[in-house]
1. Among the numbered conditions (1) closer than 18 Å to residue 118 by Cα; (2) open to solvent by less than 50 Å² (accessible area, probe 1.4 Å), tell me where residue 41 comes up short.
2. Going through the stretch 84-108 one residue at a time, which ones are open to solvent by less than 30 Å² (accessible area, probe 1.4 Å) and farther than 17 Å from residue 136 by Cα?
3. List the residue pairs whose Cβ atoms are under 6 Å apart, where the first residue sits in the stretch 152-163 and is over 15 Å from residue 119 (Cα atoms), the second is surrounded by fewer than 15 Cβ atoms within 10 Å (Cβ to Cβ), and the two are 6 or more positions apart or on different chains.
4. Filter the stretch 122-148 for residues that are part of a loop (DSSP other than H, G, I, E, B) and either surrounded by 11 or more Cβ atoms within 10 Å (Cβ to Cβ) or not aromatic (Phe, Trp, Tyr) (or both) and give the result.
5. Based on what the data block shows, is residue 151 modelled with pLDDT of 90 or more, within 20 Å of residue 2 (Cβ to Cβ), surrounded by 13 or more Cβ atoms within 10 Å (Cβ to Cβ) and not aromatic (Phe, Trp, Tyr)?
6. Here are 27, 10, 49: which of them is more than 16 Å from residue 156 (Cα to Cα) and touching a Phe, Trp or Tyr at 6+ places or on another chain (Cβ under 7 Å)?
7. Condition check: in a strand (DSSP E or B) and without any contact (Cβ under 8 Å) to a residue 40 or more places away in the chain. Does residue 87 satisfy that?
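The values are calculated or read from the model by the stated rules, or taken from the named source; none is laboratory data. Source: prediction; values computed, not measured. Reconstructed Cβ throughout: ideal geometry from the backbone, glycine too, with neighbour counts over all protein chains shown. Each accessible area value is taken on the protein alone, full model and side chains, heavy atoms only, with ligands, DNA and RNA left out. Shrake-Rupley method; radii C 1.70, N 1.55, O 1.52, S 1.80 Å.
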Amino acid sequence: MRSFHIQDNLGFMKKLLTGSAFDTFLLSEASITTYASFQIDGAFHPDYLSTAEQEQLQAEKCGYTLWRRVRPFFFELTRGKNTPLKFRIVFRLAPYNIEKLIAQSGLTIQADQVDGLFLNIHFDGKALYCVSGISMKVFTLDKTLEHAWDDMLEKFFRHEQIPFLAE
(Lines give C-alpha, C1' and ligand atoms only; values in the text may rest on other atoms or scores of the structure.)
Protein backbone atom coordinates (compact mmCIF):
# COMPACT_ATOMS: atom_id res chain seq x y z
CA MET A 1 0.00 0.00 0.00
CA ARG A 2 1.31 3.39 -0.99
CA SER A 3 -0.15 6.84 -0.44
CA PHE A 4 0.27 9.53 -3.08
CA HIS A 5 -0.35 13.13 -2.01
CA ILE A 6 -1.50 14.93 -5.15
CA GLN A 7 0.22 18.29 -5.56
CA ASP A 8 -2.05 19.88 -8.18
CA ASN A 9 -5.68 19.39 -7.15
CA LEU A 10 -7.11 21.39 -10.05
CA GLY A 11 -5.02 19.59 -12.68
CA PHE A 12 -5.87 16.21 -11.17
CA MET A 13 -9.59 17.02 -11.10
CA LYS A 14 -9.49 18.09 -14.74
CA LYS A 15 -7.95 14.75 -15.73
CA LEU A 16 -10.38 12.84 -13.51
CA LEU A 17 -13.59 14.61 -14.56
CA THR A 18 -13.06 15.84 -18.12
CA GLY A 19 -10.17 13.76 -19.44
CA SER A 20 -9.87 10.09 -20.27
CA ALA A 21 -6.92 9.23 -18.00
CA PHE A 22 -9.00 7.18 -15.55
CA ASP A 23 -11.61 5.89 -18.01
CA THR A 24 -10.37 2.28 -18.08
CA PHE A 25 -10.66 1.88 -14.31
CA LEU A 26 -13.73 0.15 -12.94
CA LEU A 27 -15.75 2.14 -10.40
CA SER A 28 -16.30 0.17 -7.23
CA GLU A 29 -17.97 2.99 -5.32
CA ALA A 30 -17.99 6.75 -4.92
CA SER A 31 -19.39 9.35 -2.58
CA ILE A 32 -19.43 13.13 -2.75
CA THR A 33 -20.67 15.85 -0.44
CA THR A 34 -21.68 19.15 -2.00
CA TYR A 35 -25.04 20.75 -1.15
CA ALA A 36 -26.13 17.18 -0.27
CA SER A 37 -24.40 13.81 -0.02
CA PHE A 38 -24.50 11.40 -2.93
CA GLN A 39 -23.46 7.74 -2.99
CA ILE A 40 -22.72 5.75 -6.16
CA ASP A 41 -22.41 1.97 -6.27
CA GLY A 42 -20.46 0.92 -9.35
CA ALA A 43 -21.74 -2.66 -9.37
CA PHE A 44 -23.73 -3.60 -12.45
CA HIS A 45 -27.32 -4.66 -12.02
CA PRO A 46 -27.64 -7.47 -14.58
CA ASP A 47 -31.44 -7.22 -14.79
CA TYR A 48 -31.08 -3.78 -16.35
CA LEU A 49 -28.80 -5.01 -19.14
CA SER A 50 -29.64 -6.85 -22.33
CA THR A 51 -28.73 -10.52 -22.63
CA ALA A 52 -25.84 -9.64 -24.97
CA GLU A 53 -24.50 -7.06 -22.49
CA GLN A 54 -24.78 -9.58 -19.65
CA GLU A 55 -22.85 -12.17 -21.68
CA GLN A 56 -20.15 -9.64 -22.50
CA LEU A 57 -19.75 -8.74 -18.81
CA GLN A 58 -19.49 -12.41 -17.88
CA ALA A 59 -16.84 -12.97 -20.57
CA GLU A 60 -14.86 -9.95 -19.36
CA LYS A 61 -15.37 -10.94 -15.71
CA CYS A 62 -16.39 -7.34 -14.99
CA GLY A 63 -19.08 -6.82 -12.38
CA TYR A 64 -18.49 -3.07 -12.23
CA THR A 65 -19.01 -0.17 -14.60
CA LEU A 66 -16.20 1.71 -16.24
CA TRP A 67 -15.44 5.16 -14.83
CA ARG A 68 -16.10 6.71 -18.25
CA ARG A 69 -19.79 5.78 -17.92
CA VAL A 70 -20.19 7.47 -14.53
CA ARG A 71 -17.78 10.37 -15.00
CA PRO A 72 -20.36 12.77 -16.55
CA PHE A 73 -22.72 12.30 -13.59
CA PHE A 74 -19.93 12.80 -11.05
CA PHE A 75 -18.78 15.88 -12.98
CA GLU A 76 -22.29 17.37 -12.75
CA LEU A 77 -22.20 16.92 -8.97
CA THR A 78 -18.94 18.91 -8.72
CA ARG A 79 -19.99 21.78 -10.97
CA GLY A 80 -20.72 25.14 -9.43
CA LYS A 81 -18.89 27.94 -7.76
CA ASN A 82 -18.10 25.95 -4.60
CA THR A 83 -15.57 23.18 -4.16
CA PRO A 84 -17.02 19.88 -2.92
CA LEU A 85 -16.77 19.54 0.84
CA LYS A 86 -15.35 16.06 0.33
CA PHE A 87 -15.42 13.08 -1.96
CA ARG A 88 -14.13 9.54 -2.16
CA ILE A 89 -13.77 7.31 -5.20
CA VAL A 90 -12.72 3.67 -5.15
CA PHE A 91 -11.43 2.36 -8.46
CA ARG A 92 -10.51 -1.24 -9.17
CA LEU A 93 -8.34 -2.58 -11.93
CA ALA A 94 -10.23 -4.62 -14.54
CA PRO A 95 -9.53 -8.38 -14.38
CA TYR A 96 -7.87 -8.44 -17.81
CA ASN A 97 -5.52 -5.66 -16.66
CA ILE A 98 -4.70 -7.63 -13.50
CA GLU A 99 -3.69 -10.51 -15.77
CA LYS A 100 -1.51 -8.13 -17.81
CA LEU A 101 0.17 -6.74 -14.70
CA ILE A 102 0.94 -10.22 -13.40
CA ALA A 103 2.38 -11.29 -16.77
CA GLN A 104 4.43 -8.10 -17.25
CA SER A 105 5.83 -8.35 -13.73
CA GLY A 106 6.75 -12.02 -14.15
CA LEU A 107 4.83 -13.01 -11.02
CA THR A 108 3.86 -16.58 -10.22
CA ILE A 109 0.54 -15.73 -8.60
CA GLN A 110 -2.64 -16.70 -10.47
CA ALA A 111 -5.04 -13.91 -11.47
CA ASP A 112 -8.01 -15.84 -10.02
CA GLN A 113 -6.38 -15.57 -6.58
CA VAL A 114 -6.67 -11.76 -6.70
CA ASP A 115 -9.91 -10.25 -5.44
CA GLY A 116 -8.95 -6.74 -6.56
CA LEU A 117 -6.32 -4.07 -7.04
CA PHE A 118 -7.70 -0.75 -5.82
CA LEU A 119 -7.01 2.95 -6.16
CA ASN A 120 -8.73 4.97 -3.43
CA ILE A 121 -9.05 8.69 -4.14
CA HIS A 122 -9.92 10.91 -1.19
CA PHE A 123 -10.46 14.67 -1.08
CA ASP A 124 -11.11 16.26 2.34
CA GLY A 125 -11.92 19.77 1.11
CA LYS A 126 -8.27 20.77 0.90
CA ALA A 127 -5.90 17.86 0.33
CA LEU A 128 -6.20 15.15 -2.30
CA TYR A 129 -4.74 11.68 -1.74
CA CYS A 130 -4.60 8.50 -3.79
CA VAL A 131 -3.96 5.29 -1.86
CA SER A 132 -3.30 1.93 -3.43
CA GLY A 133 -4.78 -1.26 -2.04
CA ILE A 134 -4.91 -4.94 -2.78
CA SER A 135 -7.28 -7.72 -1.77
CA MET A 136 -6.43 -11.38 -2.17
CA LYS A 137 -8.72 -14.42 -2.14
CA VAL A 138 -5.94 -16.49 -0.60
CA PHE A 139 -3.57 -15.86 2.30
CA THR A 140 -0.04 -15.01 1.24
CA LEU A 141 2.96 -13.30 2.77
CA ASP A 142 4.24 -12.50 -0.73
CA LYS A 143 4.08 -8.74 -1.35
CA THR A 144 5.41 -8.75 -4.93
CA LEU A 145 1.99 -8.10 -6.50
CA GLU A 146 1.38 -5.24 -4.07
CA HIS A 147 4.75 -3.70 -4.99
CA ALA A 148 4.08 -4.20 -8.71
CA TRP A 149 0.69 -2.44 -8.34
CA ASP A 150 2.26 0.46 -6.42
CA ASP A 151 4.96 0.80 -9.09
CA MET A 152 2.37 0.69 -11.86
CA LEU A 153 0.36 3.47 -10.23
CA GLU A 154 3.48 5.59 -9.83
CA LYS A 155 4.27 5.11 -13.54
CA PHE A 156 0.65 5.92 -14.40
CA PHE A 157 0.79 9.21 -12.47
CA ARG A 158 4.09 10.15 -14.11
CA HIS A 159 2.77 9.23 -17.59
CA GLU A 160 -0.36 11.33 -17.01
CA GLN A 161 1.82 14.16 -15.64
CA ILE A 162 0.11 14.14 -12.26
CA PRO A 163 2.51 15.62 -9.68
CA PHE A 164 2.57 13.77 -6.36
CA LEU A 165 4.54 13.10 -3.22
CA ALA A 166 4.77 9.43 -2.24
CA GLU A 167 4.17 9.03 1.47
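1. (2)
2. Within the stretch 84-108, 84, 87, 89 meet the criteria.
3. Correct list of pairs: 163/7; 163/8.
4. Of all residues in the stretch 122-148, those part of a loop (DSSP other than H, G, I, E, B) come to 124-127, 137-143.
Scanning the stretch 122-148 gives 124, 125, 126, 127, 137, 138, 140, 141, 142, 143.
5. Criteria met by residue 151.
6. The conditions single out 27.
7. Values: in a strand (DSSP E or B): yes; without any contact (Cβ under 8 Å) to a residue 40 or more places away in the chain: no.
No, not satisfied.
Conditions (1) on the phi > 0 side of the Ramachandran plot; (2) of a type outside the set (Gly, Ala, Ser); (3) modelled with pLDDT under 80, marked per residue:
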site: 41; (1), (2), (3): no, yes, no
site: 44; (1), (2), (3): no, yes, no
site: 51; (1), (2), (3): no, yes, no
site: 56; (1), (2), (3): no, yes, yes
site: 61; (1), (2), (3): yes, yes, yes
site: 65; (1), (2), (3): no, yes, no
site: 81; (1), (2), (3): no, yes, no
